[in-house]
Amino acid sequence: MIKLINKTTNTPMWVADERKDEYLAAGHRLAAAPSAKKPIEEPTVEDVEEKPVEPVKEVKIFKRTSKKK
């Protein structure tokens, strides 16, 4: 078993030896590597695409008019 750092959660995980190359190709890092201590980078304002905001539709709330017996 080999200890890798999950690229999404930045947490350690154990992987079978025969699947090491598969996980490294997916972007995970070896835990023993110096770059494994690198924190996850937060997106900047330039990275986030601005989308137009749709107005909220008005919702009518109906009250029960008859009582349940």
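Assorted remarks:
- Sites Lys7 and Ile61 - FRET efficiency at Förster radius 35 Å, r taken between beta-carbons, to 0.05: 0.15
- Linear extension gain, Glu22 paired with Glu50, 0.36 nm per residue minus alpha-carbon span: 6.6 nm
- Leu30 long-range amide H proximity, modeled H, under 5 Å: Ile5
Coordinate-derived values only; no laboratory data. Quantities reported herein were computed from a predicted structural model and do not represent experimental measurements. All Cβ positions, glycine included, derive from the backbone under ideal geometry; neighbour counts span all protein chains shown.
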